[in-house]
Structures are given as structure tokens and as C-alpha cells.
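*Asks:* Below you'll find the structure I mean.
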Amino acid sequence: MLSLSKAADASGPAPVGGFARGLRDLGWVEGRNVVVEERDAAGNIDRLAGLAAELVALKVDVIVAPSTPAAQAAMRASSTIPIVFAGAADPVSDGLVASLARPGGNVTGLYTSSGDEQLYAKELDFVREITRPNGRVAWFGTRALWDAPGGEAARKGAKRVGLALELAAVTTPVNITAIEAAFAMVRKMKPDVLLVSPATELNPHYERIAAFARAERLPSVGNNWLMTNAGILLSYGAKYEELYRRAAHYVDRILRGAKPGDLPIEQPSLIELTLNLQTANALGIKLPQTILLRADRVIE
């Protein structure tokens, strides 16, 4: 019997159903010819190293990591067990792989394109169509991500649509104290829009951030549906169920003998727009019919 393992991080209710369906479609049925060992850091990224060590001790055949921090923890724990990441913002700059075409080493997978300036430009363009901001956007995230290619992409994307992006820095370690301090910074900035960055450390705090934005009468935008599900007004980004389904294809090829370093990194094939009508109503925003018709997912 083959053994497969998934190292979960702080991502909350990740749509791993797509992964299970992908495995079944490829002939891997849990309990019959594959065993899935799940580990969840329950919102504490500091636990990832210990969880990765547990998985390595089990001598699993593959580790599936849902984010960059989870993949990095798995890499530190093993340089030989194949690792498939199901969503990384910038796998080359973050040191996960040597290149997108030839990853090398024991790691491969899919990235979310959250470091794509066109993606940022599009999500901010949606917000501009809805709220007509006068130009100031607070980028809510860590300094490390702001200084990385993802932050540069966000600034360029904002500039494309005529908006000015300003950093509301969340200090590390990211905890409630750090989040509240960043909230105070946003209040002083008085922006028109709150752009929630894809920093993994923020994932456990989505509901708190969404509640803050509603209380401050701030339209909020992000790049994945987990944010919108937590109360963020709008998100535009990779369809996570599809990322997980495609991760199953990587696992299948590896279990059948392929080397992860030879499997090119995939870009997301499906991008989705998600709207939260409850948040729109709370802010007194009437969503244009053109936006509603374009939405792939609407949370009522």
C-alpha cells in the first residue's frame, strides 16, 4: 500500500476536496491503494517544522504542501521525499525551485500567480468599478512580502489602474497584537480600499481583518475565495479547488516513477471572481450587474 501525506498549514478550510477527487479520478482510492496522513498547524506556522518532521518519520512517499511556508518546512525536513506544493506565490524567488521549467531537487507543484501584476491590476479594477476610489489603497501585509517580487507586482498592478498603494505593515510574528497595530496604521492612512496581501501568516486572521474593514466602511479585496468567504468584499485569483486537483496529477506521476525535479511548475488554468453580498450590503454598496454577471462565486 502506498502512503501519501499532506502537510496542512494555517490556511483554514482549504478546498482539499479537489485533491481527493483528483486522486480518485486517477485510480487512487484511500484505504484501497493509498493512505492519506493529514497534519494541520491550526493557524500556527511555527508548528510546521514539527509536523513536517512527523511526516518524514512516517517515511511517506509524497508530501503535499498547500503553501510556501509548508513547502519550506517540508524541504528542511527532507531533501529526498518528493514534495508537491499546491499553491505558492513565487516559488523561484522563495527558493522552492530552481526554475519553473526545470524545478530540480525534490520539489514541484503549482503556483497561484499572486505575484502577477496583471492579477492585482484586475482585482483593483473590479474594486474601482464598484466603489470609484479616489486613488489610495492600503496594502495590508508583512514587510517581507512587500519587499519581495509579490509586493512589487502589487504596486505595479495598482499603478496600471491609477491607484496608489501604501504599506500597512503587519509585524512578525503575526499575532493579534501585530494585526491590531496594523489596523491602527490603516486608520491613520484613511485609504479608500483595503488590499489584503496573500501572506500566509494572515490566513488565520481573515475574519478579523474583514470585520475591521466593515467597521471602517472600507471596501476590501484579496486574491482567494477563502478571504471572501471570511467576509472580504471581493477576491480575484486562482481557483483553489483546481490547484488541489492538479496537485493530485503531480502525485500520480511521482507515485508512478517520475522525478519531481523533472516536472515543470504549472500556472493556474482557472481564475475566479468571488463576491460577498453580505459585506456589500453592510457597506451600502450596490454591486453593478456587470460585476455580478462576471462573478464565478457569490456568497449571499
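*Asks:* Quick check on region 223-239: of everything there that is assigned to a helix (DSSP H, G or I) and surrounded by fewer than 24 Cβ atoms within 10 Å (Cβ to Cβ), which residue is modelled with the lowest pLDDT?
*Replies:* So the residue we want is LEU226.
*Asks:* Moving on. Scan region 145-163 and tell me whether some residue there is in a helix (DSSP H, G or I) and acidic (Asp, Glu).
*Replies:* yes
*Asks:* Kindly list, by first and then second residue, each pair from a residue in region 272-287 that is free of Cβ contacts under 8 Å to residues at least 60 places away in the same chain to a residue that is part of a strand (DSSP E or B) and among the charged types (D, E, K, R), limited to pairs with Cβ atoms under 8 Å and residues at least 6 apart or on different chains.
*Replies:* Matching pairs, first to second residue: GLU272/ARG297; THR274/ARG297; LEU275/ARG297.
Residues are listed down the side, and each one gets a yes or a no for (1) closer than 19 Å to ALA295 by Cβ; (2) outside the structural domain of GLY162 (by TED's automatic domain parsing); (3) over 18 Å from the mean Cα position of the chain (by Cα); (4) among the polar types (S, T, N, Q):
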{"position": "VAL92", "(1), (2), (3), (4)": "no, yes, no, no"}
{"position": "LEU110", "(1), (2), (3), (4)": "no, yes, no, no"}
{"position": "ASP125", "(1), (2), (3), (4)": "yes, no, yes, no"}
{"position": "ILE130", "(1), (2), (3), (4)": "yes, no, yes, no"}
{"position": "ASN134", "(1), (2), (3), (4)": "no, no, yes, yes"}
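*Asks:* Scan region 148-174 for residues that are under 26 Å from ARG47 (Cβ atoms) and at pLDDT 90 or above and jot them down.
*Replies:* Answer for region 148-174, where residues must be under 26 Å from ARG47 (Cβ atoms) and at pLDDT 90 or above: ALA169, VAL170, THR171.
*Asks:* Among ALA77, ALA88, which is the only one that is in contact with a helix residue (DSSP H, G or I) (Cβ under 7 Å, 6 or more places away or on another chain) and buried (at least 22 other Cβ atoms within 10 Å of the Cβ)?
*Replies:* Every option except ALA88 fails the conditions.
*Asks:* Hey, among the residues in region 133-144 that are out of contact with any Ser or Thr (no Cβ under 7 Å at 6 or more places or on another chain) and part of a strand (DSSP E or B), which one's surrounded by the most Cβ atoms within 10 Å (Cβ to Cβ)?
*Replies:* Of everything passing the filter in region 133-144, VAL137 is surrounded by the most Cβ atoms within 10 Å (Cβ to Cβ).
*Asks:* So which residues in region 17-44 are out of contact with any strand residue (DSSP E or B) (no Cβ under 7 Å at 6 or more places or on another chain) and either more than 21 Å from LEU243 (Cα to Cα) or of a type in the set (Gly, Ala, Ser) (or both), if there are any at all?
*Replies:* GLY17, GLY18, ALA20, GLY22, GLY27, GLY31, ARG32, ALA42, GLY43, ASN44
*Asks:* Under the condition of being among the acidic types (Asp, Glu) and within 23 Å of the chain's Cα centre (by Cα), which residue from region 253-300 is surrounded by the fewest Cβ atoms within 10 Å (Cβ to Cβ)?
*Replies:* In this case the residue turns out to be GLU300.
The values are calculated or read from the model by the stated rules, or taken from the named source; none is laboratory data. The shown structure was predicted, so the numbers you read here are calculated from the model rather than taken from an experiment. With ideal geometry, Cβ positions are generated from the backbone for all residues, glycine too; neighbour counts draw on all protein chains shown.
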